[in-house]
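> Take a look at the following structure, please.
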Amino acid sequence: MGSAELMVTQPRFPGFKLNLKFGRDDMVKRFLNSRLSGIYFSVVQEGEVGVGDAIELVRRDENNITVADIVQIYVREANNDLVRRAIQVTALAASLRTYFQQQIEQRH
């Protein structure tokens, strides 16, 4: 993006405050079901980013896991193959890798 290089690390998952803001107990569930998550990035290479700068895909992880896949796994709607591939994504936050590993172990 611009002259900076960013890396997607995980989706942004809503918390209980979303329920409070909308005055509904089901907003987090509805948000997750929409599969329209925000995204957290880490900075790989600092640079300048301006309004209107294009986002260019430089490389993709060989496990071919998307942010939508991570949300699907998080809400426990994924098969073990997808979960295993997600665990192999080095950019994925360690806490999510641990959580996903626990999902696999619970299924056995």
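The values are calculated or read from the model by the stated rules, or taken from the named source; none is laboratory data. Keep in mind that what you see is a predicted model, and the values were worked out from it rather than measured. As a convention, Cβ positions derive from the backbone with ideal geometry for all residues, glycine included, and neighbour counts pool all protein chains shown.
> In the stretch 67-103, which residues are without any contact (Cβ under 8 Å) to a residue 12 or more places away in the chain and of a type in the set (Asp, Glu)?
Answer for the stretch 67-103, where residues must be without any contact (Cβ under 8 Å) to a residue 12 or more places away in the chain and of a type in the set (Asp, Glu): Glu77, Asp81.
Residues checked against (1) loosely packed, with under 10 Cβ neighbours inside 10 Å; (2) of a type outside the set (Ser, Thr, Tyr); (3) at pLDDT below 90:
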| residue | (1), (2), (3) |
| --- | --- |
| Val49 | no, yes, no |
| Glu56 | yes, yes, no |
| Ala68 | no, yes, yes |
| Arg76 | no, yes, yes |
| Val83 | no, yes, no |
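> While we're here: Which of the residues that make up the stretch 13-39 are under 21 Å from Glu77 (Cβ atoms) and either in contact with a Pro (Cβ under 9 Å, 6 or more places away or on another chain) or surrounded by fewer than 10 Cβ atoms within 10 Å (Cβ to Cβ) (or both)?
Gly15, Met27, Val28, Phe31, Leu32, Ser34, Ser37, Gly38, Ile39, listed by residue number.
> With the requirement that a residue be touching a helix residue (DSSP H, G or I) at 6+ places or on another chain (Cβ under 9 Å) and either assigned to a loop (DSSP other than H, G, I, E, B) or closer than 21 Å to Arg60 by Cα (or both), what does the stretch 94-107 give you?
Leu96, Arg97, Phe100
> Filtering the stretch 79-89 down to residues that are farther than 12 Å from Val8 by Cβ and in a loop (DSSP other than H, G, I, E, B), which residue is nearest to the chain's Cα centre (by Cα)?
Only one residue tops the list, namely Gln88.
> Follow-up question, since we're still on this one. State the number of residues belonging to the stretch 90-105 that are under 25 Å from Gly2 (Cα atoms) and surrounded by 12 or more Cβ atoms within 10 Å (Cβ to Cβ).
So the answer is 3.
> Could we say that Ser42 is among the small types (Gly, Ala, Ser), in contact with a strand residue (DSSP E or B) (Cβ under 8 Å, 6 or more places away or on another chain) and under 21 Å from Leu82 (Cβ atoms) here?
It is false that Ser42 is among the small types (Gly, Ala, Ser), in contact with a strand residue (DSSP E or B) (Cβ under 8 Å, 6 or more places away or on another chain) and under 21 Å from Leu82 (Cβ atoms).
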